[in-house]
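Engineer: One structure coming up, written as structure tokens, with questions to follow.
Readers should treat all values here as calculations from the given coordinates under stated rules, not as data from a laboratory. No experiment lies behind these values; they were computed from the predicted model shown. Every residue, glycine as well, gets a Cβ built from its backbone with ideal geometry; the counts of neighbours run over all protein chains shown.
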């Protein structure tokens with residue numbers, strides 16, 4: 001196992017981790033703010049991928065199609081939120097059960113529209129090649145995905161730390177009662193966070209396509225990883241989601257390469273240890 | 001300190017402990033940088049009825065949660081019936097004889113009144129682990145619960161869901177549950193909170209009538225209730241004990257009137 | 001007739017009908033579906049003990065179910081343990097031990113934290129079954145499981161096996177009904193309602209949750225063992241997160257905290273997934289919509305909804321029962 005092995009897997013792990021961040025950031029923010037576990041979050045990702053690949057097949061620009069995938073997902077997510085979820089805001093179990101039902105319906109809807117065959121997605125022209133440095137090979141698209149995810153992370157951090165809305169959201173996360181008392185429009189904060197979570201996951205769908213491709217059941221495969229991220233990073237923490245995503249991405253890549261028979265174990269044993277000894281995760285507050 | 005002195009000291013403490021129900025020694029609690037309780041020491045003798053008063057934010061509820069074992073303390077110790085219980089869990093303290101009520105009604109809303117009381121009554125008995133015998137075989141428990149209800153005039157509500165009770169009735173059950181534990185120390189967190197005067201006096205009467213010799217600590221805003229029920233008062237202000245003594249002495253204390261009673265008593 | 005009497009009569013009548021069904025010329029295919037229904041009702045009841053009576057939403061129930069099933073498969077193919085009683089005991093013990101370990105990890109958190117941790121725990125076990133090929137056969141699973149003899153009875157054909165599952169279900173239902181009506185059961189309900197007050201009353205809340213999880217694991221194990229014999233095959237799907245979700249859906253459809261309602265929940269899910277899939281490929285969507293509607297409009301489940309609809313059809317007013325209010 002030479003340098004090539006480590007660099008390759010590290011890069012692959014970071015790229016996959018970046019994709020996980022696009023899903024887990026929404027998951028953790030929605031949870032932190034509303035105490036809702038959105039079990040449909042990975043279905044959002046899958047929907048975004050399919051919408052995006054359809055647009056690309058009809059000649060739309062790859063990046064534009066990603067954004068459109070995010071937008072469609074966001075609209076659908078908000079429709080569900082406004083029609084059903086927001087009524088059960090205080091009832092965490094019912095909210096969870098509703099997102100579960102919604103994931104079920106969405107999954108089957110995707111299967112109905114796009115069929116059961118796996119769809120591979122080509123990277124956008126211009127990023128299909130690789131950079132060679134000595135014997136090392138870096139697929140350009142992986143680098144691009146990492147860069148895009150970090151940009152999105154930066155925007156999220158900035159929005160949370162520096163904008164008025166972000167301040168309101170953080171206040172609501174800390175103490176909803178208090179925030180309401182101080183006149184923060186908590187419901188608007190909910191709406192915005194749910195929208196942002198759905199949008200980013202949907203956007204991630206096509207962006208991740210060249211790496212994960214798209215097929216029914218993909219969401220079910222990503223769900224445990226996304227939850228692993230949230231457990232490791234800590235529920236409700238954006239920093240935790242970023243660090244957790246990259247960690248899980250790396251462990252996933254190296255685990256698969258080094259212990260193919262037990263790669264799942266290499267991810268979930270550390271997760272179990274964190275659950276047992278630090279249930280609030282690396283960056284979270286006590287649940 | 002020599003060994004002999006230490007033994008004497010222990011013997012002395014033991015002798016004192018026989019009459020002491022609860023002893024707080026230098027209890028402090030911080031939430032982050034916020035100090036909620038600062039070096040609070042209170043000794044409550046067996047059979048004493050003590051009130052803790054103080055303005056909002058004085059740390060009364062925090063103190064209660066620490067005594068009951070729901071919150072860990074930052075510094076100091078809690079002794080109960082002669083044993084150090086500082087690190088003992090809430091449920092173990094309850095099993096050793098502490099009972100408490102809550103400021104916001106904390107009952108079992110989707111169970112019947114009887115079931116609520118049975119939960120309190122069977123808490124110390126082996127049957128709480130009985131899995132394969134239906135509760136219908138334990139008629140005696142239900143009778144015991146019903147008898148308790150009759151005593152406070154809630155007999156007719158025995159089979160209603162607690163959720164369906166009126167607020168005053170819920171407050172009575174709140175106390176009844178704690179009494180059903182047959183406690184050695186009863187902690188009452190604002191038992192009359194939110195009650196109309198007529199209902200409040202019902203609760204006060206209940207407290208005075210039941211268990212005359214019971215050791216009791218009462219947090220209360222309603223001064224009428226406090227003066228009616230307790231013999232001794234401790235005044236908390238910004239997490240510190242600022243006065244402690246017989247009710248009459250505290251009433252007369254100018255400092256207390258200044259900070260809490262607004263000079264109106 | 002008192003309400004209690006009426007229930008006993010209804011349950012007895014239902015049981016007799018269930019006993020007679022295979023003799024009434026019901027096609028083998030449906031007998032087989034009903035067998036599945038009993039199995040899923042058992043595992044759903046085991047989850048209901050946690051969700052409906054203890055207040056723990058456990059997403060790792062399929063792992064316990066699956067551990068029971070794999071215990072049968074591995075016991076039969078490697079150690080030649082095939083008789084009914086030893087295999088059933090093995091499955092129950094394995095599932096209970098797994099549940100006991102899960103409890104140690106998951107019960108460090110409450111509420112939503114508990115849910116997420118059980119999701120991860122389920123995935124660990126699934127990952128083992130899926131990837132540890134040398135033990136579990138990986139994605140191919142383990143075949144060659146033979147249904148046992150029960151005493152002198154050969155239950156290897158479908159009708160005989162139907163009775164095994166029906167009786168197992170009846171025994172589990174009775175045991176669980178007694179359990180939730182026992183003093184211990186009342187404690188569990190107290191823990192579900194208000195853990196804080198339970199602690200103040202002197203109950204070790206953690207211990208009761210832990211016991212409930214372990215006991216529930218035993219019942220899930222029973223269902224898992226029956227499932228392995230039913231299919232004569234075990235694969236990782238049996239303990240997937242989807243399976244956990246499906247078990248939860250059965251509980252929601254049937255009625256949280258009813259136990260017997262799980263029969264109806266299981267009936268709907270089993271028949272939808274088998275019957276409807278012959279008519280339309282969109283059975284999952286139909287299930288999703290039904291489920292969604294139940295969560296929104298009939299949180300008490302089908303056992304509450306069906307009588308209500310029936311009464312409305314007959315133009316009667318629905319009496320408001322204690323459970324609904």
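Engineer: How high is the relative contact order of the stretch A:15-217, in percent, counting Cα pairs under 8 Å that sit 6 or more residues apart? Show your work: numbers first, answer last.
Structural biologist: Numbers: 271 pairs, mean separation 88.5, N = 203.
For the stretch A:15-217, the relative contact order is 44 percent.
Engineer: Compute the angle between helix B:167-180 and the longest alpha-carbon principal axis of chain B, please, reported from 0 to 90 degrees and rounded to the nearest 10.
Structural biologist: Orientation of helix B:167-180: about 80 degrees from the principal axis.
Engineer: Same structure again: Can you tell me how much longer the chain between residue C:196 and residue C:181 gets when fully stretched, taken as 0.36 nm per residue apart minus their C-alpha distance, in nm with one decimal?
Structural biologist: Full extension from residue C:196 to residue C:181 adds 3.2 nm.
Engineer: Apply the Kirkwood formula to the protein assembly as shown: the hydrodynamic radius equals the inverse of the mean of 1/r over all pairs of different alpha-carbon atoms; give it in Å with one decimal.
Structural biologist: 30.3
Engineer: Between residue A:147 and residue A:273, what is 0.36 nm times their sequence separation minus the Cα-Cα distance? Round to one decimal in nm.
Structural biologist: 42.3 nm
Engineer: I've got another one for you. How high is the FRET efficiency from residue B:164 to residue A:5, r the C-beta distance, R0 60 Å, rounded to 0.05?
Structural biologist: 0.30
Engineer: When chain C is modelled as a GNM with alpha-carbon springs shorter than 10 Å, which of C:178, C:187, C:31 fluctuates the most?
Structural biologist: Result for chain C, Cα springs under 10 Å: C:178 fluctuates most.
Engineer: Something else now. Please order C:7, C:132, C:126 by the number of other Cβ within 10 Å, starting at the fewest.
Structural biologist: Taking fewest neighbouring Cβ atoms as first place, the list is C:7, C:132, C:126.
Engineer: On to the next question. Can you pull the mean other chain C-beta count within 10 Å for peptide C:207-215?
Structural biologist: Across the residues of C:207-215, the mean count of other-chain Cβ atoms within 10 Å is 1.
Engineer: If you take the C-alpha gyration tensor of the stretch B:132-265, multiply each eigenvalue by 5 and take the square root, what semi-axes do you get, largest first, in whole Å?
Structural biologist: Values: eigenvalues 248, 50, 30 Å².
So the three semi-axes of the stretch B:132-265 are 35, 16, 12 Å.
Engineer: So, one more: Take every Cα-Cα pair in the stretch C:190-319 and report what % of them are more than 21 Å apart.
Structural biologist: 56
Engineer: Now a separate question. Expressed in whole Å with the largest first, what are the equivalent ellipsoid semi-axes of the stretch A:183-240 derived from the C-alpha gyration tensor as the square root of 5 times each eigenvalue?
Structural biologist: 26, 16, 9
Engineer: Under the definition of Cα pairs under 8 Å and six or more residues apart, what whole-number percent is the relative contact order of chain C?
Structural biologist: Computed over chain C, the figure is 30 percent.
Engineer: In the stretch C:172-218, how does Rg compare with the Kirkwood Rh, expressed as the Rg/Rh ratio over alpha carbon atoms?
Structural biologist: Here Rg/Rh amounts to 0.99.
Engineer: For the residue pair residue B:231 and residue B:74, what label-to-label distance in nm results when each label sits 7 Å from Cα along the Cα-to-beta-carbon direction?
Structural biologist: 3.5
Engineer: How would B:184, B:29 line up from fewest to most surrounding beta-carbon atoms within 10 angstrom?
Structural biologist: Result, fewest neighbours first: B:184, B:29.
Engineer: Can you tell me how the stretch A:68-158 classifies by the Cα gyration tensor, rounded, prolate or oblate, using a/c under 1.5 as the rounded cut?
Structural biologist: Numbers: a/c = 3.12, a/b = 1.85, b/c = 1.69.
Here the stretch A:68-158 falls in the prolate category.
Engineer: How high is the FRET efficiency from residue A:131 to residue C:81, r the C-beta distance, R0 56 Å, rounded to 0.05?
Structural biologist: Once the sixth-power term is evaluated, E becomes 0.45.
Engineer: Between residue A:158 and residue A:191, what is the label-to-label distance in nm when each label sits 7 Å out along the Cα-to-Cβ direction?
Structural biologist: Each label point lies 7 Å from its Cα, and together they span 2.5 nm.
Engineer: To continue, here is another question. Just from the alpha-carbon atoms, what are the Rg and Dmax of the stretch A:8-103 in angstroms?
Structural biologist: Cα-based Rg and Dmax for the stretch A:8-103 come out at 15.2, 47 Å.
Engineer: Take peptide C:122-128, look around each residue's Cβ out to 10 angstrom, count Cβ atoms belonging to other protein chains, and average those counts.
Structural biologist: Shielding by partners across C:122-128 averages 5.
Engineer: If you average the C-alpha positions of the stretch C:142-158 and of the stretch C:245-283 separately, how far apart do those two centres end up, in angstrom?
Structural biologist: 26
Engineer: Classify chain B from the C-alpha gyration tensor, please: rounded if a/c falls under 1.5, else prolate or oblate depending on whether a/b exceeds b/c.
Structural biologist: Because a/c hits 1.5 or more and a/b fails to exceed b/c, chain B counts as oblate.
Engineer: Counting other C-beta atoms within 10 Å, which of C:295, C:234 has the fewest, and how do the rest follow?
Structural biologist: Ordered by Cβ neighbours within 10 Å, fewest first: C:295, C:234.
Engineer: Separate question: Show me the three semi-axes of the equivalent ellipsoid for the stretch C:3-240, from the C-alpha gyration tensor (sqrt of 5 times each eigenvalue), largest first, rounded to whole Å.
Structural biologist: Whole-Å semi-axes of the equivalent ellipsoid: 30, 25, 13.
Engineer: Here's something else I'd like to know. With chain B treated as a Gaussian network of Cα nodes joined by springs under 10 Å, which of B:135, B:110, B:87 yields the largest mean-square fluctuation?
Structural biologist: B:135
Engineer: Residue A:113 label point, 7 Å along Cα→Cβ, cut-off 15 Å on backbone N: hits in the stretch A:61-79?
Structural biologist: Answer for the stretch A:61-79: A:65-79.
Engineer: To check my understanding: the extent here is largest minus smallest coordinate of the Cα atoms along each principal axis. What are those three numbers for the stretch A:163-287, in Å, largest first?
Structural biologist: Principal extents (largest minus smallest coordinate, Cα): 54, 36, 22 Å.
Engineer: Starting from the 7 Å offset along Cα-to-Cβ, what nm value, one decimal, do you get for the label separation of residue B:31 and residue C:158?
Structural biologist: 6.3
Engineer: Right, next: What's the FRET efficiency of residue B:147 with residue B:126 using the Cβ-Cβ distance as r and R₀ = 25 Å, to the nearest 0.05?
Structural biologist: Calculated value: 0.70.
Engineer: In percent, what relative contact order does chain B have, based on Cα pairs under 8 Å that are 6 or more apart in sequence?
Structural biologist: Over chain B, the number comes to 25 percent.
Engineer: How big is the stretch A:15-217 in terms of Cα radius of gyration and Dmax, in angstroms?
Structural biologist: Considering the stretch A:15-217 through its Cα atoms, Rg and Dmax are 17.9, 61 Å.
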